[in-house]
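The values are calculated or read from the model by the stated rules, or taken from the named source; none is laboratory data. Everything quoted here is computed from the prediction, not taken from an experiment. Note that we place each Cβ from the backbone using ideal geometry, even for glycine, and neighbour counts take in every protein chain shown.
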Amino acid sequence: MKNLITILFDKTQKQFYLVAFGYLALFVSIYYILYSCGIITAIPNSVNLINWDANWYQSIRDKNYEYFWFMASNSAFFPLFSYCWKLLGLSSVGISVFNLFLFLVSLNLLYRTFSITQKQLLLYLSLPSVLFFGVPMSESFFFFFCTLFLIGLKKDNVYLIVFGLLFASLTRATAMFFIPCILAMELTTCEKLFDKQCLKNILLYSFVSLLGLFIVVLIQYAYTGVWFAFAKQQLRFWKHSFDLPTFPLVSHGGENTLWLDGTAFVMGFLFLFISIVLFFKKLINASRLNKDLLKDKSFFYSLYYVSVITVYALFFNSKCMEAQTTIDSISRYFFCTAFFVLAFTGIEKHLELSIKNYMIFLCVSLFGFYLIGLNGDPFHYFLKENSPLKLTYLLLAGMFVYINLFLFAGFNTKLSKITSVFILLVNVTVATYCLNRFIQGIYVG
């Protein structure tokens, strides 16, 4: 008992509590002030927390799985979160509080294990998409089991790796993401290409991911009598099938949410570029990479995962009425993972903040914006006083500045401290806006 108290209240833990609960207090205070002023119009309750995907998870909890060939049904979602929700017997408010607690426990484990700085912790907590850890959805469960998996990689603990992979695979459809990342991670970090240990890890980790997938297939078949019900639902009603992207990219919520999904996409595009460069550097000449970097499996896996999510958004998302590719919900799938935390902090740990590197980041992120909407003629639209696209370009310009400031703020420099305060104020304000929209049933990612 004495050892437990020591762990819970050591210096590192006190720093985490100060940052985490300090930010939560700030968020709640700002939300209440804005509500009192009439700027925000709703307070979360047991009814309005059940919106968007939360409806499907509640449906699984209450009725188990259903499948309809002619309409969308809950078999498009994986079961672990809903089954745990049913087992706990909590209301929508209760499970939201539990989710928030589980997320903070997971984030604490990452903070302790991977030496994340207080500033990086605060920057991540302030991201608007973090609101999904406090609603009745599966983000917190996925974050927790992926955290265990990443810690297992860090400590070379095969039991943690297998446990985390299996239960993460019961929470979300992950095999198509996990297996390519496993392969790329092992090829990047192994001493010799496809040596015995490398092959063993690839086969074991891939098998566990597929095992989780087939357990879900069997559970859904037992209730619906349909094999691969989730895949059929996703293909038919969520339109997640392979297609070449059409530009400019758009978001379901229009300009009100393009900045959120667009920010995730451009960061993902930047991470994808970095992952490709590091991967080929290892294959061509491993001596050019730092030895500590090559040993960091958790970082490489995280970097590859957020990169795969970005590719998925480009090639497997649905099209809008004008046949443009949507990047709906990429902000949630990208930011609301332990993988983003380690990719973000790992880049700032392993890569030097030089003028050359920063200019490369600027150029790559600018190309990402080109894909979202700057492939038109912004100057033409700015000259038109009432152009509907004027706001879009202003938002894109703001996103461009925000992303580069966010990445810069994570580095340990004097100027970045000032930048981080600005980012924090922007994030907490936007987060209150997003939560208010979510509980009103308006799309936020």
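Counting only residues that are hydroxyl-bearing (Ser, Thr, Tyr) and touching a helix residue (DSSP H, G or I) at 6+ places or on another chain (Cβ under 7 Å), which one in segment 105-137 is nearest to ARG437 (Cα to Cα)? Ranking the qualifying residues of segment 105-137, first place goes to SER129. Picking from residues in segment 194-235 that are touching a residue at least 24 places away in the same chain (Cβ under 8 Å) and under 30 Å from LEU293 (Cβ atoms), the one that is nearest to the chain's Cα centre (by Cα) is SER209.
When SER140 is tested against (1) surrounded by 21 or more Cβ atoms within 10 Å (Cβ to Cβ); (2) hydroxyl-bearing (Ser, Thr, Tyr); (3) farther than 18 Å from ILE95 by Cα, just one condition goes unmet, and that condition is (3). Taken as a whole, the structure leaves GLY212 outside the set of residues that are in a helix (DSSP H, G or I) and surrounded by fewer than 22 Cβ atoms within 10 Å (Cβ to Cβ).
Looking across segment 70-100, the residues that are without any contact (Cβ under 8 Å) to a residue 40 or more places away in the chain, assigned to a loop (DSSP other than H, G, I, E, B) and hydrophobic (A, V, I, L, M, F, W, C) come down to PHE70, LEU90.
Note on segment 57-69: residues that are in a helix (DSSP H, G or I), over 20 Å from the mean Cα position of the chain (by Cα) and of a type outside the set (Asp, Glu) total 5.
Of everything in segment 12-30 that is surrounded by 14 or more Cβ atoms within 10 Å (Cβ to Cβ) and of a type in the set (A, V, I, L, M, F, W, C), the residue that is nearest to THR41 (Cα to Cα) is ILE30. Listed by first and then second residue, the pairs with beta-carbon distance under 6 Å, at least 6 apart or on different chains, first residue in segment 273-284 and small (Gly, Ala, Ser), second in a helix (DSSP H, G or I) and surrounded by 15 or more Cβ atoms within 10 Å (Cβ to Cβ), are SER275/LEU303; SER275/TYR304; SER275/SER307. Can LEU104 be described as crowded, with 21+ Cβ neighbours inside 10 Å and under 14 Å from TYR23 (Cα atoms)? No; evaluated as a whole, the condition is false for this residue. A single member of SER318, SER275 is over 22 Å from LEU123 (Cα atoms) and at pLDDT 90 or above, and it is SER275.
Quick check on segment 52-68: of everything there that is among the aromatic types (Phe, Trp, Tyr) and in contact (Cβ under 8 Å) with a residue 24 or more places away in the chain, which residue is surrounded by the most Cβ atoms within 10 Å (Cβ to Cβ)? So the residue we want is TYR57.
For segment 112-169, a residue qualifies if it is part of a helix (DSSP H, G or I) and among the hydroxyl-bearing types (Ser, Thr, Tyr), and the qualifying residues are THR113, TYR124, SER129, SER140, THR147, TYR159, SER169. Taking the condition modelled with pLDDT of 95 or more, within 22 Å of the chain's Cα centre (by Cα) and hydroxyl-bearing (Ser, Thr, Tyr), does SER106 pass? Here the answer is yes, as SER106 does meet what is asked. Looking at THR246, THR188, just one residue is within 15 Å of LEU153 (Cα to Cα), of a type in the set (S, T, N, Q) and surrounded by 13 or more Cβ atoms within 10 Å (Cβ to Cβ), and that residue is THR188.
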